[in-house]
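The values are calculated or read from the model by the stated rules, or taken from the named source; none is laboratory data. Every value quoted in this text rests on a predicted model; they were computed, and no experiment measured them. Note that we place each Cβ from the backbone using ideal geometry, even for glycine, and neighbour counts take in every protein chain shown. Quick note on the areas: whole protein, heavy atoms, side chains included, nothing else; ligands and nucleic acids left out. Shrake-Rupley method; radii C 1.70, N 1.55, O 1.52, S 1.80 Å.
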Amino acid sequence: MLDPKLLRNEPEEIAVHLRRRGFELDVERLARLEQERKQLQVETQQLQAERNRSAKVIGQAKAKGEDIQPLVQAMADLKSRLEAAEGRLSRIQEELEALALEIPNLPHPSVPDGNDERDNLEIRRWGEPPRFSFTPRDHVDLGAALGQMDFEAAARIAGSRFSLLTGPLARLQRALIQFMLDLHTEEHGYTESYVPYLVNADSLRGTGQLPKFEEDLFKLAGEHEYYLIPTAEVPVTNMVRDRILDAEALPLCYVAHTPCFRSEAGSYGKDTRGMIRQHQFEKVEMVQIVRPEESWERLEQLTGHAERVLQMLELPYRVVVLCAGDLGFSAAKTYDLEVWLPGQQKYREISSCSNFTDFQARRLKARWRDPESGKPELVHTLNGSGLAVGRTLVAIMENYQQEDGSIGIPEVLRRYLGGLERIAS
RNA sequence: GGAGGGUUGGCUGAGUGGUUGAAAGCACCGGUCUUGAAAACCGGCAUGGGUUCACGCCCAUCCAGGGUUCGAAUCCCUGACCCUCCGCCA
């Protein structure tokens with residue numbers, strides 16, 4: 001959520017920033033509602049003050065044993081006017097609130113202009129795409145040949161967009177998770193955390209998935225209103241919801257491995273082959289809760305932590321900064337890491353690192369006590385995949401494939417696989 | 001599934017219809033004292049909003065939503081969450 005004061009006082013400027021990301025702020029409607037709100041609020045508060053005064057007078061009169069009937073009768077009219085005013089005010093406030101919840105974050109000035117992913121800006125590359133003396137296969141063919149990846153069985157068990165791994169390939173995925181968690185906890189200073197995979201609607205509102213993106217989520221039927229998490233960002237960031245943190249506690253850095261569940265509504269026909277886009281996938285996620293003044297520096301650092309995983313796995317990748325039009329709803333700035341996939345001859349997203357500034361914090365009421373002011377102030381939140389595990393598995397298969405269809409194991413993973421150096425059928 | 005208890009400020013915790021936005025303690029901030037610190041003592045200290053050049057004044061908020069009442073943290077109803085015991089269970 002944006003700062004309501006800013007929204008009230010400088011709607012035109014805000015509209016300009018939001019237009020960069022393709023969001024048209026209805027300034028006139030906002031101004032109309034605002035004006036109405038203000039007028040109704042003043043009126044309501046005056047009536048409330050009057051009611052409070054009268055009630056006090058009646059109390060005092062009663063204490064003295066005077067007749068309060070005339071005073072009570074005089075209140076009747078006031079009461080009905082107050083009720084009407086309160087009703088109208090709360091309707092306006094609800095409308096404003098609903099409007100505010102659907103306004104995305106402001107893009108940072110350093111975010112390039114652009115409409116969609118084609119306008120994202122590559123800012124650096126690492127590693128060389130491997131050269132093969134044979135025609136490289138994609139992970140689907142490789143997995144099938146190994147007999148360790150079975151999409152037909154997955155479809156029978158669940159449906160499309162699910163995958164099934166067995167044997168060394170399944171173990172490789174587990175090894176990747178272990179490796180990433182160890183790296184981030186031991187070398188990057190994150191605290192490992194285990195979190196709920198089902199969350200309530202408040203948590204999803206806090207991080208910005210609701211109310212606007214309900215169709216992307218799996219909602220459980222049953223007496224409780226639970227949703228499957230689309231990313232660990234939701235439970236982990238919500239660790240600080242409704243809290244006031246001590247200054248010394250910051251920054252808070254958490255890493256969690258969780259499965260992620262996404263309905264992929266609206267992506268019909270996109271990435272239908274293989275395990276690139278699934279209803280269920282594993283991800284290791286880094287989350288940082290920081291002081292506002294250091295969030296931009298932290299974004300660079302966090303991105304570096306994600307890059308480190310790819311470097312240690314020796315997977316070629318590039319870093320792109322998302323253009324304003326491609327930014328996620330809550331993000332002020334996002335770096336995507338894209339790994340080279342020989343099966344597609346393309347760089348594909350494998351991590352997304354974002355600074356949400358105070359946008360999520362305001363929805364979450366996640367604050368810290370600034371020693372300067374002594375007042376509770378909003379924190380800044382950031383997160384980044386470190387990495388999307390399923391896609392990392394795909395990248396390893398495709399980049400480390402041999403002519404005979406076996407898969408080499410990156411050096412750093414072998415200790416997690418009992419020393420295994422290659423996966424063969 | 002059955003029975004009961006609870007939700008109050010940063011924290012602990014009093015408060016069962018009228019100066020209670022809320023006692024007390026802790027924490028925190030300032031001061032006195034001290035060579036310095038601690039202790040002791042004195043003072044300050046909720047959040048959001050409206051209005052004002054400003055001092056200030058006003059409104060809302062004691063889990064949420066309804067209700068009773070001239071007046072609700074306090075009474076009634078519904079819901080959420082937490083806890084305890086019993087049953088079942090990984």
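Can you find a residue that is surrounded by 15 or more Cβ atoms within 10 Å (Cβ to Cβ) and within 11 Å of RNA strand B (Cβ to nearest atom) anywhere in the range A:88-101? Yes, some residue in the range A:88-101 is surrounded by 15 or more Cβ atoms within 10 Å (Cβ to Cβ) and within 11 Å of RNA strand B (Cβ to nearest atom). Counting only residues that are in a helix (DSSP H, G or I) and closer than 26 Å to A:Asp370 by Cβ, the range A:288-312 holds 11 of them. Looking across A:Leu18, A:Leu6, A:Leu40, one residue alone is open to solvent by less than 80 Å² (accessible area, probe 1.4 Å), modelled with pLDDT of 95 or more and not in a loop (DSSP other than H, G, I, E, B). It is A:Leu18.
The requirement of being aromatic (Phe, Trp, Tyr) and under 29 Å from the mean Cα position of the chain (by Cα) is not satisfied by A:Phe132. Scanning the range A:388-410 for residues that are open to solvent by 50 Å² or more (accessible area, probe 1.4 Å) and in contact (Cβ under 8 Å) with a residue 40 or more places away in the chain returns a single hit, A:Glu403.
The number of residues in the range A:102-125 being open to solvent by less than 70 Å² (accessible area, probe 1.4 Å) and aliphatic (A, V, I, L, M) comes to 3.
Look through the range A:67-82, keep the residues that are charged (D, E, K, R) and more than 8 Å from RNA strand B (Cβ to nearest atom), and return whichever of them is farthest from A:Leu30 (Cα to Cα). Of everything passing the filter in the range A:67-82, A:Asp67 is farthest from A:Leu30 (Cα to Cα).
Of A:Val57, A:Val111, all but one fail to be closer than 30 Å to A:Ser352 by Cα, touching a helix residue (DSSP H, G or I) at 6+ places or on another chain (Cβ under 7 Å), outside the structural domain of A:Cys323 (by TED's automatic domain parsing) and of a type in the set (A, V, I, L, M); the exception is A:Val111.
Candidates are the residues of the range A:33-63 that are among the small types (Gly, Ala, Ser) and within 6 Å of RNA strand B (Cβ to nearest atom); the one that is farthest from A:Leu96 (Cα to Cα) is A:Gly59. Within this structure, A:Glu233 passes the test of being within 13 Å of the chain's Cα centre (by Cα) and either acidic (Asp, Glu) or open to solvent by 70 Å² or more (accessible area, probe 1.4 Å) (or both). Screening A:Ala63 against (1) under 38 Å from the mean Cα position of the chain (by Cα); (2) at pLDDT below 90 leaves a single unmet condition, (1).
Only one of A:Ser373, A:Ser385, A:Ser352 is within 27 Å of A:Leu121 (Cβ to Cβ) and either without any contact (Cβ under 8 Å) to a residue 40 or more places away in the chain or outside the structural domain of A:Ala144 (by TED's automatic domain parsing) (or both). Can you tell me which?
A:Ser352
Which residue is surrounded by the fewest Cβ atoms within 10 Å (Cβ to Cβ), if the candidates are limited to the range A:364-377 and must be more than 9 Å from RNA strand B (Cβ to nearest atom) and either part of a helix (DSSP H, G or I) or within 20 Å of the chain's Cα centre (by Cα) (or both)? In this case the residue turns out to be A:Ala366. Taking first residues from the range A:68-88 that are in contact (Cβ under 8 Å) with a residue 24 or more places away in the chain and partners that are of a type in the set (A, V, I, L, M, F, W, C) and within 11 Å of RNA strand B (Cβ to nearest atom), the Cβ contacts under 7 Å between residues at least 6 apart in sequence or on separate chains come to A:Leu78/A:Leu47; A:Arg81/A:Leu47; A:Leu82/A:Leu47; A:Ala85/A:Leu40; A:Ala85/A:Leu47; A:Arg88/A:Leu40. In the range A:199-226, the qualifying residues are those that are assigned to a loop (DSSP other than H, G, I, E, B) and among the acidic types (Asp, Glu), and the one that is nearest to A:Leu364 (Cα to Cα) is A:Glu225.
Every listed requirement among (1) open to solvent by 60 Å² or more (accessible area, probe 1.4 Å); (2) farther than 30 Å from A:Glu225 by Cβ; (3) assigned to a loop (DSSP other than H, G, I, E, B) is met by A:Tyr194 save one, (2).
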